[in-house]
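Colleague: Input: one structure, supplied below.
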Amino acid sequence: MSVQMPFVEEFDTKSGRRFLNSDASLVLCRDASALFTKLAMESEGFDATLPLAEAMEEAAYVALKLIYLSSEIGGAEERKSIAEEYFRAAGLGRLSLISVGLAGGAAEMSRSSVDDAWMEKWGVSRLPVNHIGRGYIAGAFAAITGQGLGSFAVEEKESIASGNALSRFTVLAAE
Amino acid sequence: MRTEKAKAVELLRSIPIKADADGVVSAFGASLQILPVNFWNAFLEKLWKAAPESGLSGIESAVEAAAADYGYHAGHRIMSSSEFLSAIGMRDGAAPEDLLHGAFALLSAWGWADAEIAALTPSAKMVVHAWWYFEAGIRDTFPPARPAAHIMRGICRAFMDLAYAKPYPDGFGSFACRQTRAVELGDSYGEFVVEAVE
């Protein structure tokens, strides 16, 4: 199912702030996501990948809820398509939410700009690197199903950055 | 200068940034993303909260270093692009000062900051004033005890590396940046002082 996502860009010339669907946003090269992912993965003494994933979960949840509410989108299929379309439009890659339910589901990416940037800079990774992507999927699942933040745990099982053709994610309802 | 800057911002902003069917945004010689400011600030806030007290300054330095790496390498690619050069009316061999003014216009066009160069001593020192920059948003949710715009610091020094240090890629790390005023601490603008490393 293909949908036309409500995607309104605005720019405040006085403050220099850029908005996407009234959410302040910024444009940047994908290298930044890879660099801060590396920083998170290599932080000593604590797991900084969790802050990275949680921050994207919150951002995706807020952005998608805003679209669903403002456009009165209530159907699960349409919500799912919009979540996939927002991911694409943000330059994050191509995401398919394969099954979405209260118990969890699955997702895959045939293209991931975080993985692409990682491989361009550092080559193949032994570990999955798309913590931004798994955060996005968690936020999308929560927004689509009408659950709260932290309702889903997402794990990247296969990774483009590790040499796989696709990145595959499993999603489980958080305990 | 603000009028010239406004014109450059408008030109840079008018260049389309659209994703293809695979979610790839190709423009300015690079692959781009359009991400919510809240994502970046929430990440930084969670990072500061999660880091052990003893490791906080190390994490701040790592964030600044990642931003500088980004500003230098991605900045070089973007500032060499035909879109960037034509939008700010430059040709090969243009003065480094023009490159710097264009770089800060691009930061504005892309929603990073409303910033411009307040003082410049070529090859030696640059002072940047920013009336708004995205990292200042942390004051609303997690007011810092000291200046916290580490990404802006990294970006500012990378721009000076690109403008005045050895030709790319050998000039990285030639300048350092201090933040001397901070919107996140209540100042009316942020001030970033970039100087050559001795």
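Colleague: Return the residue satisfying two criteria in turn: it lies in region A:7-16 and is within 7 Å of another protein chain (Cβ to nearest Cβ) and within 20 Å of B:F28 (Cβ to Cβ), and of such residues it is surrounded by the fewest Cβ atoms within 10 Å (Cβ to Cβ).
Modeller: A:F11
Colleague: Is it true that B:G190 is under 24 Å from B:A6 (Cβ atoms), in contact with a strand residue (DSSP E or B) (Cβ under 9 Å, 6 or more places away or on another chain), crowded, with 24+ Cβ neighbours inside 10 Å and not polar (S, T, N, Q)?
Modeller: So B:G190 passes the test.
Colleague: While we're looking at this one, here's another question. Based on this model, can you work out whether B:D114 counts as among the acidic types (D, E) and out of contact with any strand residue (DSSP E or B) (no Cβ under 7 Å at 6 or more places or on another chain)?
Modeller: Considered against the rule, which asks whether it is among the acidic types (D, E) and out of contact with any strand residue (DSSP E or B) (no Cβ under 7 Å at 6 or more places or on another chain), B:D114 comes out as no.
Colleague: Given the criteria surrounded by fewer than 21 Cβ atoms within 10 Å (Cβ to Cβ), modelled with pLDDT of 95 or more, out of contact with any strand residue (DSSP E or B) (no Cβ under 8 Å at 6 or more places or on another chain) and more than 14 Å from chain B (Cβ to nearest Cβ), does A:L127 qualify?
Modeller: The answer is yes for A:L127.
Colleague: Okay, next question. Give the residues of region A:28-47 that are at pLDDT 95 or above and within 7 Å of chain B (Cβ to nearest Cβ), sorted by residue number.
Modeller: A:L28, A:C29, A:R30, A:D31, A:A32, A:S33, A:L35, A:F36, A:L39
Colleague: Restricting to region B:29-54, and then to whatever is of a type outside the set (V, I, T), facing chain A (nearest Cβ under 7 Å) and in a helix (DSSP H, G or I), can you tell me which residue is nearest to B:F134 (Cα to Cα)?
Modeller: Ranking the qualifying residues of region B:29-54, first place goes to B:N38.
Colleague: Starting from region A:80-96, take each residue that is among the aliphatic types (A, V, I, L, M) and list its partners that are modelled with pLDDT under 95 and surrounded by fewer than 20 Cβ atoms within 10 Å (Cβ to Cβ), counting only C-beta distances under 7 angstrom and pairs at least six apart or across chains.
Modeller: Note: pairs meeting the criteria are A:I82/A:V3; A:I82/A:M5; A:I82/A:I73; A:A89/A:M5; A:A89/A:F7.
Colleague: From B:S26, B:S57, B:S81, which residue is more than 8 Å from every other protein chain (Cβ to nearest Cβ) and in contact (Cβ under 8 Å) with a residue 40 or more places away in the chain?
Modeller: Answer to the check: B:S81.
Colleague: Examine region B:20-27 for a residue that is surrounded by 18 or more Cβ atoms within 10 Å (Cβ to Cβ), in contact with a Gly (Cβ under 8 Å, 6 or more places away or on another chain) and hydrophobic (A, V, I, L, M, F, W, C), and state whether such a residue exists.
Modeller: yes
Colleague: Also, I was wondering about something else. Quick check on this structure: which one of B:L85, B:L32 is under 16 Å from the mean Cα position of the chain (by Cα) and more than 18 Å from B:G154 (Cβ to Cβ)?
Modeller: B:L32
Colleague: Identify the residue in region A:94-119 that is of a type in the set (A, V, I, L, M) and part of a strand (DSSP E or B) and, among all such residues, is nearest to the chain's Cα centre (by Cα).
Modeller: My answer is A:L95.
Colleague: Being in contact (Cβ under 8 Å) with a residue 60 or more places away in the chain and either hydrophobic (A, V, I, L, M, F, W, C) or outside any helix (DSSP H, G or I) (or both) is true for just one of B:A21, B:A67. Which residue is that?
Modeller: B:A67
Colleague: Oh, and also: Which of the residues that make up region A:64-93 are touching an Asp or Glu at 6+ places or on another chain (Cβ under 9 Å), in a helix (DSSP H, G or I) and closer than 22 Å to A:S110 by Cβ?
Modeller: Listed by number, the list holds a single entry, A:R88.
Colleague: A further question follows. With the requirement that a residue be closer than 23 Å to B:F39 by Cα and in a helix (DSSP H, G or I), what does region A:122-134 give you?
Modeller: Those that are closer than 23 Å to B:F39 by Cα and in a helix (DSSP H, G or I): A:H131, A:I132, A:G133, A:R134.
Colleague: Filter region B:118-134 for residues that are closer than 20 Å to B:V9 by Cβ and touching a helix residue (DSSP H, G or I) at 6+ places or on another chain (Cβ under 6 Å); which is nearest to the other protein chains (Cβ to nearest Cβ)?
Modeller: B:F134
Colleague: Within region A:146-160, identify whether any single residue is within 14 Å of chain B (Cβ to nearest Cβ), within 21 Å of A:L50 (Cβ to Cβ) and not in a helix (DSSP H, G or I), and answer yes or no.
Modeller: yes
The values are calculated or read from the model by the stated rules, or taken from the named source; none is laboratory data. This one's a predicted model, so the numbers in the text were calculated from it and none came from an experiment. In this analysis, Cβ positions are derived from the backbone assuming ideal geometry, glycine residues included, and neighbour counts consider all displayed protein chains.
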